[in-house]
Amino acid sequence: MQTSARERIGEKIHHAAHVAGQILYGMTIFDWQRGLRQQRGEIERLFVLITFGDIIGLPILPPYYTLRLLPYVVPTLNRWKRSLLRERDLTDLAELIEGVD
Amino acid sequence: MNAILTLIIAAVGLGLGYFVYAKNINKNIVQPDDSKATPAKMYMDGVDFTPAGKNVLFGYQFKSIAALGPIGGPIVAAQWGWLPGLLWLILGTFFIGWVQDYASIIVPMRSEGDTFGALSYKLISPRARGILLVFIYLYLLLIMGAFGQVIGVLFMSKPAVPFGILSVILMGLLAGQMTYKWKQDIILTTVITVVVAFFGIWLGQTAFISNIFAGLNNALGEGGIKYFWPIVTMIICYLGAVLPIWRWAQPTNYVSFWVIALGMVGGVIGMLVWHPSFGDFPAFTGWTVAGLGPLWPILFVTIACGAISGWHSLVSSSGTARQIEKESDALPVGGGAMFMEMALGVISLLTATAATGGWEAFKEAFAGGKFGVFAVGLAAFLSHIGIPTSFGVPYGMVFLTIMGLTIMYLVVRFMRVASAELLGDAIPALKNIHIGAIVALILSLIVIWTGVWQTIWVLFGGANQMMASLALLIITVWLMRNGKQYAWTLWPCIFMFITTIAALLYTAFFTALPAALAGTNIAGNIIAFVVALILIVCALILGYDGLQALKRKGEVAAAAK
């Protein structure tokens, strides 16, 4: 009984430390990791555009190698189209200015 | 009054606000459903939409919304005494602040991840988006003016400050190099850069280094200082605005975070150990403060962040809402971060009241440098955990300067992109990143050199609070459209709209215009008058469009019933 109480306290401390670690991560290097992920996402978006741009009306003749890529690209096509064609304005950039007020 | 009692009152306000009012609205009105896919999951593209855990997002949201605003506002508002500021911080957050931040995540999250630009276009009127952009641009320009005056003119000219700033920036550059180019471990990078940055701050206040800058200031003279240090500040902003983000802005912000966070933690511990009383600091000094204006409406724009801030709605909609993993995370992330910011505002108020030790000491510190009160107060708190005041005060100034600088170069970055997007077709030169940044810097310098600080601060708050009104209006229309109870957002919206219009009218016609006509600071006061008029006209158009939108949605809702 005593051990289980100690275990519960230990678990709570472990959980609190985990939450504190995640909050600290969110305040510090989450942005770096997110920035890198965004860069990768943008490059991938561009890659699909130059290989399968005809899907959204950009005239590209689908060569043999492009068609070989098709099975890998199919799962992302809907998200890619939405992401590329989504209307943007300057408020999309607001999140770039952190801690502005 | 006593610091601990103040913290207890704030904690009670926070507890009731979050655990009773906010949870009740979340459960009974918004009714989050974790089985629904959020935009972060539905549209995960690795660029804009990516899910993240609630604890991580809480940290991200808090860091994104908290900076100099919740520190500066309560210090300026302490001129009315400690009670009005404290009440507005607690009640403002309780009834308005968290409502806006939380709903600014919920509405975009249930509208396919649209930002407030797109939502204002769809829900209010096409021109509402244009008005929002005007608010944003003026808001950012006023930030550059308000922060630029404090940092460029007051803090950078203190001989103990520039070397510390240089150290933090150089360590930021090193952190970027170590992480991205040399592929070093982040913990090793953090330890080296933060320790050396602190050593640099300490070295900066030693007689050897500070005498060099004192000599430079003597050579420049009073007039030279006014122009030299703001230009140095703008050069730093220029570099931050045009260099790749990984090279300058991101790692510098990272090192700065540690410099600031360690100071805050130390300050709070020192305050708890010391638990000082307010001395003879009055609860209420009177209805009007010379140079600022009457309690209503000016207090409510003087303390923007810390109680309610429109900028949060933009950050919440364009950043956080697109990363929310589950609908139920919106309250702890949006609401929780806002209540934490209120706590930061209360701590800032305590640096002005309890830490200074009394009314005369506060007035003296405030006259010596506005936000400088915070540096003096922080040093007083830190002295109770063994950090000498001779280091604490310069450290507090470096703390505030770096906090402001890290924002300013991101603002210039945004302004450069904004001018290229909005005017790039008409003036192709603005598409050049250097020209775009220089134009933004020149505009900022004009505001810094000509502006009256307290007027700029009030206008900055006014632009911010107008964005808050717009955000609350969008949220109200959305709630009406979806047949949900909307009084909890409509009344805050009406209050913020009327109060902000009144504050802008007062600033334009009772502060800026009479001062300009009397021949005091003519250029700065005329600029302030024009900015206030633009904001008022935009607000009135917005009010009209908002009323039409509410009527339309009301009719649709009635027809549906």
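If you take each beta carbon of peptide B:49-62 and count the beta carbons of other chains within 10 angstrom, what is the mean? The partial results should precede the final answer.
Values: counts 5, 4, 0, 6, 5, 4, 9, 10, 4, 5, 11, 10, 3, 4.
Mean shielding by partner chains, rounded to a whole number: 6.
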When all C-alpha to C-alpha distances in the protein assembly as shown are sorted into bins of 10 Å, what percent of pairs does each bin hold, rounded to whole numbers? 3, 15, 26, 28, 18, 7, 2, 0, 0
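Kindly flag which residue pairs out of B:Lys158/B:Lys370; B:Lys41/B:Lys551; B:Lys158/B:Lys181; B:Lys158/B:Lys363; B:Lys181/B:Lys431; A:Lys12/B:Lys183 have an alpha-carbon separation exceeding 23 Å in this structure.
Working: B:Lys158/B:Lys370 14 Å; B:Lys41/B:Lys551 34 Å; B:Lys158/B:Lys181 35 Å; B:Lys158/B:Lys363 20 Å; B:Lys181/B:Lys431 29 Å; A:Lys12/B:Lys183 35 Å.
Violating the 23 Å Cα-Cα cut-off are B:Lys41/B:Lys551; B:Lys158/B:Lys181; B:Lys181/B:Lys431; A:Lys12/B:Lys183.
Work out, step by step, the length gained on full extension between A:Ile60 and A:Leu24: first 0.36 nm times the residue separation, then minus their alpha carbon distance; give nm to one decimal.
Numbers: separation 36, 0.36 × 36 = 12.96 nm, distance 4.62 nm.
Gain on extension, A:Ile60 to A:Leu24, equals 8.3 nm.
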Please work out the Cα convex hull volume for segment B:453-561 and give it in Å³ per residue. 72
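Taking R0 as 22 Å, what FRET efficiency do you get between A:Arg40 and A:Leu67 from their Cβ-Cβ distance, rounded to the nearest 0.05? Could the numbers behind the result be given before it?
Values: r = 24 Å, r/R0 = 1.09.
Working from the Cβ atoms, E equals 0.35.
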About the Cα centre of segment B:1-141, what is the dipole size in debye to 20, counting +1 per Lys and Arg Cβ and -1 per Asp and Glu Cβ, all else neutral? 140
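Rounded to the nearest 0.05, what FRET efficiency is calculated for A:Arg86 and B:Tyr21 with R0 set to 30 Å and r the Cβ-Cβ distance? Spell out each step's value before the answer.
Values: r = 35 Å, r/R0 = 1.17.
Plugging the Cβ-Cβ distance into 1/(1 + (r/R0)^6) gives 0.30.
When you look at the Cβ of every residue in B:424-430, what mean number of other chain Cβ atoms sits within 10 Å?
Details: counts 0, 0, 0, 0, 0, 0, 0.
Rounded to a whole number, the mean comes out at 0.
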Lys/Arg +1, Asp/Glu -1 at C-beta; segment B:3-560 dipole; positive extreme among B:His434, B:Ile212, B:Met156: B:His434
Farthest positive-ward along segment B:3-560 dipole, Cα basis, beta-carbon charges - from B:Gln548, B:Val255, B:Phe94: B:Gln548
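What value, in deg cm²/dmol to 500, does the helix sum -39500 (n - 2.57) over DSSP H runs of n ≥ 4 give at 222 nm once divided by the residues of chain B?
Working: 23 runs with 391 residues, N = 561.
Helices in chain B give a 222 nm mean residue ellipticity of -23500 deg cm²/dmol.
Find the relative contact order for segment B:1-139 and round it to a whole percent, using C-alpha pairs within less than 8 Å whose residues are 6+ positions apart.
Averaging sequence separation for qualifying contacts and normalising by length gives 25 percent for segment B:1-139.
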Along the charge dipole of chain A, which of A:Thr3, A:Pro59, A:Leu93 sits closest to the positive end, that is, farthest toward it, with unit charges on the beta carbon of Lys, Arg, Asp and Glu (+1, +1, -1, -1)? A:Thr3
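Could you tell me whether segment A:2-96 comes out rounded, prolate or oblate from its Cα gyration tensor? Rule is a ≥ b ≥ c as square roots of the eigenvalues, rounded for a/c under 1.5, then prolate if a/b exceeds b/c, otherwise oblate.
Cα axes put segment A:2-96 in the prolate bin.
Please sort A:17-24, B:77-84, B:37-44 by packing, taking for each peptide the average over its residues of neighbouring beta carbons within 10 angstrom, highest first. Let's see the in-between values first.
Details: A:17-24: 14.5, B:77-84: 22.8, B:37-44: 19.0.
Those peptides, ordered most packed to least, come out B:77-84, B:37-44, A:17-24.
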Hey, got the average number of other protein chain Cβ atoms within 10 angstrom for residues in B:113-125? 3
Helix B:3-15 axis, angle to chain B major axis (alpha carbon atoms, nearest 10°): 20
Given the DSSP H assignment, sum -39500 (n - 2.57) over each helix run of at least 4 residues in chain A and divide by its residue total; what's the result at 222 nm in deg cm²/dmol, nearest 500? -22500 deg cm²/dmol
Translational diffusion coefficient (Stokes-Einstein; Kirkwood radius from C-alpha pairs) of segment B:266-368 at 10 °C, 1.306 mPa s, in µm²/s: 97
Measuring from its Cα centre, the protein assembly as shown shows a charge dipole (+1 at each Lys and Arg Cβ, -1 at each Asp and Glu Cβ) which, in debye to the nearest 20, is 1060
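Read-outs throughout are calculated quantities, based only on the coordinates presented, and are distinct from any laboratory measurement. These numbers were taken from a predicted model, which means no experiment stands behind them. Because the Cβ atoms are built from the backbone with ideal geometry, glycine has one as well, and the counts that use them run over all protein chains shown.
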